[in-house]
Amino acid sequence: MGIIALVTMIVILVFYLQARPILLMNTETEAKRDIAAAEAIIDLKHPGPWHTRGGILYKGQAEVNNNYFLVDYIKELTGASCSIYLNNVCVSTTEIDGDCYIRAVDQSVPKEVRSKVLEAGQIYLGQAEVEGRVSQAAYKPIINDDGQVIGVLYIGTRSSLYNSIIYGSMKTIGIAGLILAVLIALITRYFVDRKLVKSKPLREVDAEIWRSPKQELVHNSIKDNDFDMLDTLLDWQQELPKGLNPLTLKEILLFLLENDGDEVTVKDVSKSMSLSTVTVRRYLDYMEECGLVDVEQEYGSVGRPLKLYKLKG
């Protein structure tokens, strides 16, 4: 899950770094197109030059101060917010003051815009903070017949589109990564439980160890002292010598229980369980040290005597 989470975060970061400049460029293009459309609408609605008289901004013969019909009409056609400034102060806008639910006039041009638009007379394309929100915007100077900058025309792009693409996509990737991580974790746990830890012989041993002493064990009846032996095994299996695994020990125990009454050799256990003779001998020797098995030696004509193992009765 940790690996999947890390990969998901990397994918989100890469997506953000790759998509953000492309989307910013597209929104700047959109803002430039919208501000050109806004200028055309204003010229069509109110022909004539921009000028001021008595502290009021005019376009032709139309007064612009508090002319909300004009800015609302621009927003309706372009889908973008619109504001008109007289010098540094907003005199008409589609923006709403969140506290008072009235038009957010008398606001100042953002500080990052002033020098470029009001002082240098250039268009500004980029991010700007308006009413506490940062959005992609276009600011264009309003120039009178004398070539003086007397105000600013503002167009704010539809930030919801930008946010839905960037943050919506990041959220989708994050949720998909989380679901994938959970699925992989569940599959991995199932595989470990069923295929590695809970192999078929081990599941049988676990079931039989906790079964009532009155039940049969692997189709053979078992005496009470056998359950005493199992209880003993459960007590000391957590303190096995280094190199011995309690799971393997249980499987060897099952094999001995299945052959209860018969003597087995190291090779018998090794062949049945697909373990090396060296490994099997270590476990059987340990069980002998614990008094769980009886060992007899069978002498042949040559070689070392053969050890025969049998669970204690």
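The values are calculated or read from the model by the stated rules, or taken from the named source; none is laboratory data. The shown structure was predicted, so the numbers you read here are calculated from the model rather than taken from an experiment. Cβ sites come from the backbone with ideal geometry, for glycine too, and all protein chains shown count toward neighbours.
Note on the stretch 91-101: residues that are over 39 Å from the mean Cα position of the chain (by Cα) and modelled with pLDDT of 85 or more amount to 3.
Does residue 31 satisfy the condition of being of a type outside the set (Lys, Arg), crowded, with 20+ Cβ neighbours inside 10 Å, over 41 Å from the mean Cα position of the chain (by Cα) and closer than 25 Å to residue 126 by Cα?
No; evaluated as a whole, the condition is false for this residue.
Between residues in the stretch 139-159 that are more than 19 Å from residue 105 (Cα to Cα) and residues that are among the hydroxyl-bearing types (Ser, Thr, Tyr) and surrounded by fewer than 21 Cβ atoms within 10 Å (Cβ to Cβ), which pairs lie under 6 Å by C-beta distance while being six or more apart or on different chains? Note: pairs meeting the criteria are 159/135.
For the stretch 26-85, a residue qualifies if it is touching a residue at least 40 places away in the same chain (Cβ under 8 Å) and assigned to a strand (DSSP E or B), and the qualifying residues are 50, 51, 52, 57, 81, 82, 83, 84, 85.
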